[in-house]
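Before any comments, here is the structure.
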Amino acid sequence: MTAHAAARRRITAAFADAGVTGLLHAVDIDTGTALGIGSDTLVPTASVHKLCLVATLYRQSSLGLIDPTRPVEIPAIPAEDRAPGATGLSVMRDAARLSLRDLASLAVAVSDNTAADLLWDALGLDTVNATMTGLGLTRTHAVQTMRELFATVREDAAGEPAALTDPAVVARLRALDPTRTNRSTPREITALLAAVWRDEVCAGEYGEELRALLGLQAWSHRLAAGFPFDDVRVSGKTGSLPTLRHEAGVVEYPDGGRYAVAVFTRAASTDVTLPAADAVIGGAARIAVDALRA
Amino acid sequence: MAMKGIGECLSLLLMDLLLHLRYFRTVAEEQHFGRAAALLRMAQPSLSQRIQRLERELGVRLLDRGARGATLTPAGRLVLAETDLLLAAADRLAATVARVHSGAVGTLRAAVPPGLGATAVAALLTAFRAHSPGATLELRELPTADQTAELTAGTLDVGIVRHPCPAPGLAFGPTLHQPLGALLAAGDPLAGPPELPAAALTGRDLVLFPRAEAPALHDETLTACARHGCTPATVLAANGPDFTRGLVLSGGAVALVPRTPDEAGTVWRPLRGTPLTWRTSTAWPEGKDSPAVRLFTDTAHAVLREHADMRTAPSARMVFPRPASEFPL
């Protein structure tokens, strides 16, 4: 346990050195051995909540309650306002038709907010929340879709985009208050990932497809950056809002060791581009995983 | 007997009513005159008389007296609900007055960051005193990280912090910008012209505060240097003006600091176009902007602009989030 205490100290120091405060929970998926810093603190999940969304889609599908291949019509803009975002359907312009599970791929691969909202619309906030409660995750709760979340950000910034780098404005964003936005805890997010990897969310081909989907994320500047090893597989989902940088995922070693890790950070700086704050997510995760593997 | 002022009559009446209501509440809670009298440490007949007096005063019967005790009448239940509100308000009033007497109210605990400059600190104290002669300002010098910890813990009411500053639980006043310039040895070739471009410092040894003191500000400063074409050969850490000046005087090194008076062989030169600034604002615990806190923040804003070379934002900076930033602006 003293080795874990030393790891926790190194992680806290790494967070401070990167100019962030951070929470972390890492758990060995097979033994349950865990290491955490603020594991049970409520955090605004931002796009990390897409994990709950796609897990619910696959659980509902495995129970025969929804068809994951069901097509969804996406009208051309501006027929319907798409959720704001810098990737995927949020930046595309023309009409399309995609299945629910392909929307899930986009929501994970490039954090596509429009794809995520089409899934929120198809599944419903209540179904996702009930699924999380059913898995024992009682503090994991969604209260809004991505477009509703960004509407509060726009409102709080009084429609002035540059205001989102103003510390006084960022301090009062409702989207950063875990009691007023989608929320969870580091421990519960790793519990969800561990359940996915243990076939407890859905088994068989649904479980395999869900895990493959969670390995599709295009960026590697956060969690994956801490594991620059060809033979180590990193699956994950990031989440970001002004000053918030998160990622939760699973790290799998060739010796069979597999670890669910959730890292939630808040930077002191309001700058949007902060490579050190992104990288410390991987750095902290590696310290934790190394301690669990020791 | 001398005539009482009307205010005094009123206050006696109110005190009396509150006292009688407390007696009434105790009887209602205990549902028994004997037990209530024991709790109130008074004789039962005296308590009964006072309740009867209250009933006469209000013109309704509040309690039904039976062999087994006292039970509330319907009117009594209504009066009890109002009694709870009245007594709670009275308790709050008493607590507030107690805080004023104990000095908790009337003293503002405030802090400034190190290196603000003697002139600015003096001006801040003088101006606050001038605007609020009755209040006491307890001013300390604390680094931003310590200030945020104390603001959160409730041992500090308001502070002047440097950004980036962790925000949870805090509210901030308007941001002010303090330009950084180059502190050079008087004989340095760069000291000739009245100002110099940041890029001219490329390849030089740069002196900055120790990174561990404020990693985010350290990184932000060097990123801004890079953005304006300045890539230093090495970055040296110096804590405090004396060591900084020593490194500069020893030759070769250039310190990045806010405006500093020229003295003892060093000169300060502004950077062309003000590419580097340190951001400052007031900060206080969210939702706790008392009149004294507001007076401090307004005073600080004016003093910092006048005495610490701080200015409002030059112009809104362009922000181009990258796709991996995940949120649109």
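Going residue by residue through the stretch A:56-77, is there one that turns out to be of a type in the set (Lys, Arg), in contact (Cβ under 8 Å) with a residue 60 or more places away in the chain and under 30 Å from A:Thr243 (Cβ atoms)?
For the stretch A:56-77, residues of a type in the set (Lys, Arg), in contact (Cβ under 8 Å) with a residue 60 or more places away in the chain and under 30 Å from A:Thr243 (Cβ atoms): absent.
Would you say A:Leu210 is over 29 Å from A:Asp81 (Cα atoms) and either more than 9 Å from every other protein chain (Cβ to nearest Cβ) or polar (S, T, N, Q) (or both)?
no
Take the stretch A:1-30 and flag every residue that is within 14 Å of chain B (Cβ to nearest Cβ) and not in a helix (DSSP H, G or I).
Of everything in the stretch A:1-30, those that are within 14 Å of chain B (Cβ to nearest Cβ) and not in a helix (DSSP H, G or I) turn out to be A:Ala18, A:Gly19, A:Val20, A:Thr21, A:Gly22, A:Leu23.
Those residues that are among the polar types (S, T, N, Q) and either in contact with a Gly (Cβ under 8 Å, 6 or more places away or on another chain) or more than 8 Å from every other protein chain (Cβ to nearest Cβ) (or both), I need them from the stretch A:218-243; list them, please.
The answer is A:Ser220, A:Ser235.
Can you pull out the residues in the stretch B:195-220 that are in contact (Cβ under 8 Å) with a residue 40 or more places away in the chain and either among the charged types (D, E, K, R) or surrounded by fewer than 19 Cβ atoms within 10 Å (Cβ to Cβ) (or both)? Quick ask: steps written out before the conclusion?
Restricting attention to the stretch B:195-220, the residues satisfying the condition of being in contact (Cβ under 8 Å) with a residue 40 or more places away in the chain are B:195-198, B:201, B:204-208, B:213-214, B:216-217, B:220.
If the condition is that a residue be in contact (Cβ under 8 Å) with a residue 40 or more places away in the chain and either among the charged types (D, E, K, R) or surrounded by fewer than 19 Cβ atoms within 10 Å (Cβ to Cβ) (or both), then B:Glu195, B:Pro197, B:Arg204, B:Asp205, B:Glu213, B:Glu220 are the ones that fit.
Could you list, ordered by first residue, the pairs with Cβ atoms under 6 Å in which the first is in the stretch B:232-244 and under 25 Å from B:Ala199 (Cα atoms) and the second is assigned to a strand (DSSP E or B) and of a type outside the set (A, V, I, L, M, F, W, C), at least 6 apart or interchain?
B:Ala233/B:Asp205; B:Thr234/B:Asp205; B:Leu236/B:Asp205
Which members of the stretch B:185-194 meet the condition of being in contact with a Leu (Cβ under 7 Å, 6 or more places away or on another chain) and either part of a loop (DSSP other than H, G, I, E, B) or without any contact (Cβ under 8 Å) to a residue 12 or more places away in the chain (or both)?
The initial filter retains those residues of the stretch B:185-194 that are in contact with a Leu (Cβ under 7 Å, 6 or more places away or on another chain), namely B:185, B:190-191.
Answer for the stretch B:185-194, where residues must be in contact with a Leu (Cβ under 7 Å, 6 or more places away or on another chain) and either part of a loop (DSSP other than H, G, I, E, B) or without any contact (Cβ under 8 Å) to a residue 12 or more places away in the chain (or both): there is none.
In the stretch A:253-270, which residues are more than 14 Å from every other protein chain (Cβ to nearest Cβ), assigned to a loop (DSSP other than H, G, I, E, B) and either acidic (Asp, Glu) or buried (at least 16 other Cβ atoms within 10 Å of the Cβ) (or both)?
A:Asp255, A:Gly257, listed by residue number.
Regarding the stretch B:133-152, can at least one residue be identified that is more than 14 Å from B:Ala292 (Cβ to Cβ), part of a helix (DSSP H, G or I), away from every other protein chain (no Cβ under 14 Å) and among the hydrophobic types (A, V, I, L, M, F, W, C)?
No, because not a single residue in the stretch B:133-152 is more than 14 Å from B:Ala292 (Cβ to Cβ), part of a helix (DSSP H, G or I), away from every other protein chain (no Cβ under 14 Å) and among the hydrophobic types (A, V, I, L, M, F, W, C).
In this structure, does B:Trp284 turn out to be out of contact with any Cys (no Cβ under 9 Å at 6 or more places or on another chain), aromatic (Phe, Trp, Tyr) and closer than 26 Å to B:Cys225 by Cα?
No.
Those residues that are assigned to a helix (DSSP H, G or I), away from chain A (no Cβ under 14 Å) and of a type outside the set (A, V, I, L, M), I need them from the stretch B:295-329; list them, please.
B:Phe296, B:Asp298, B:Thr299, B:Arg305, B:Glu306, B:His307
Of B:Gly134, B:Gly154, B:Gly115, which residue is out of contact with any Leu (no Cβ under 9 Å at 6 or more places or on another chain), surrounded by 11 or more Cβ atoms within 10 Å (Cβ to Cβ) and assigned by TED's automatic domain parsing to the domain that holds B:Ala167? Write out each step before concluding.
Numbers: B:Gly134 fails: surrounded by 11 or more Cβ atoms within 10 Å (Cβ to Cβ); B:Gly154 fails: surrounded by 11 or more Cβ atoms within 10 Å (Cβ to Cβ).
Criteria check complete, one pass: B:Gly115.
Regarding A:Leu89, is this residue surrounded by 21 or more Cβ atoms within 10 Å (Cβ to Cβ), touching a Gly at 6+ places or on another chain (Cβ under 7 Å) and either within 30 Å of A:His221 (Cα to Cα) or not hydroxyl-bearing (Ser, Thr, Tyr) (or both)? Walk me through how you get there before you give the answer.
Numbers: surrounded by 21 or more Cβ atoms within 10 Å (Cβ to Cβ): yes; touching a Gly at 6+ places or on another chain (Cβ under 7 Å): no; either within 30 Å of A:His221 (Cα to Cα) or not hydroxyl-bearing (Ser, Thr, Tyr) (or both): yes.
When the stated conditions are applied, A:Leu89 does not pass them.
Residues of the stretch B:310-329 being closer than 20 Å to A:Thr114 by Cα and loosely packed, with under 12 Cβ neighbours inside 10 Å, which ones?
The one that is closer than 20 Å to A:Thr114 by Cα and loosely packed, with under 12 Cβ neighbours inside 10 Å: B:Arg322.
Just name the residue that is farthest from A:Arg187 (Cα to Cα) out of those in the stretch A:271-282 that are at the interface with another protein chain (Cβ under 10 Å from one of its Cβ atoms) and touching a strand residue (DSSP E or B) at 6+ places or on another chain (Cβ under 8 Å).
Taking the stretch A:271-282 as the starting set, the residues that turn out to be at the interface with another protein chain (Cβ under 10 Å from one of its Cβ atoms) are A:271-278.
Retained after the next criterion (residues that are touching a strand residue (DSSP E or B) at 6+ places or on another chain (Cβ under 8 Å)): A:274, A:277-278.
Numbers: A:Leu274: 26, A:Ala277: 21, A:Asp278: 21 Å.
That would be A:Leu274.
Touching a residue at least 24 places away in the same chain (Cβ under 8 Å), touching an Asp or Glu at 6+ places or on another chain (Cβ under 8 Å) and under 25 Å from A:Thr138 (Cβ atoms), is that true of A:Ala26?
The answer is no for A:Ala26.
Among the numbered conditions (1) within 14 Å of chain B (Cβ to nearest Cβ); (2) at positive phi, tell me where A:Gly136 comes up short.
In the conditions (1) within 14 Å of chain B (Cβ to nearest Cβ); (2) at positive phi, A:Gly136 misses (1) alone.
Can we say B:Thr26 is at pLDDT 90 or above, β-branched (Val, Ile, Thr) and within 19 Å of B:Ala89 (Cβ to Cβ)?
Working: at pLDDT 90 or above: yes; β-branched (Val, Ile, Thr): yes; within 19 Å of B:Ala89 (Cβ to Cβ): yes.
So B:Thr26 passes the test.
I'm trying to understand the selection: among the residues of the stretch B:251-274, which are modelled with pLDDT of 90 or more and more than 22 Å from B:Ala118 (Cα to Cα)?
Across the stretch B:251-274, the qualifying residues are B:Ala253, B:Val254, B:Leu271, B:Arg272, B:Gly273, B:Thr274.
The values are calculated or read from the model by the stated rules, or taken from the named source; none is laboratory data. Here the structure is a predicted model, which means the values were calculated and not measured. All Cβ positions, even for glycine, are placed from backbone atoms using ideal geometry, and neighbour counts span all protein chains on display.
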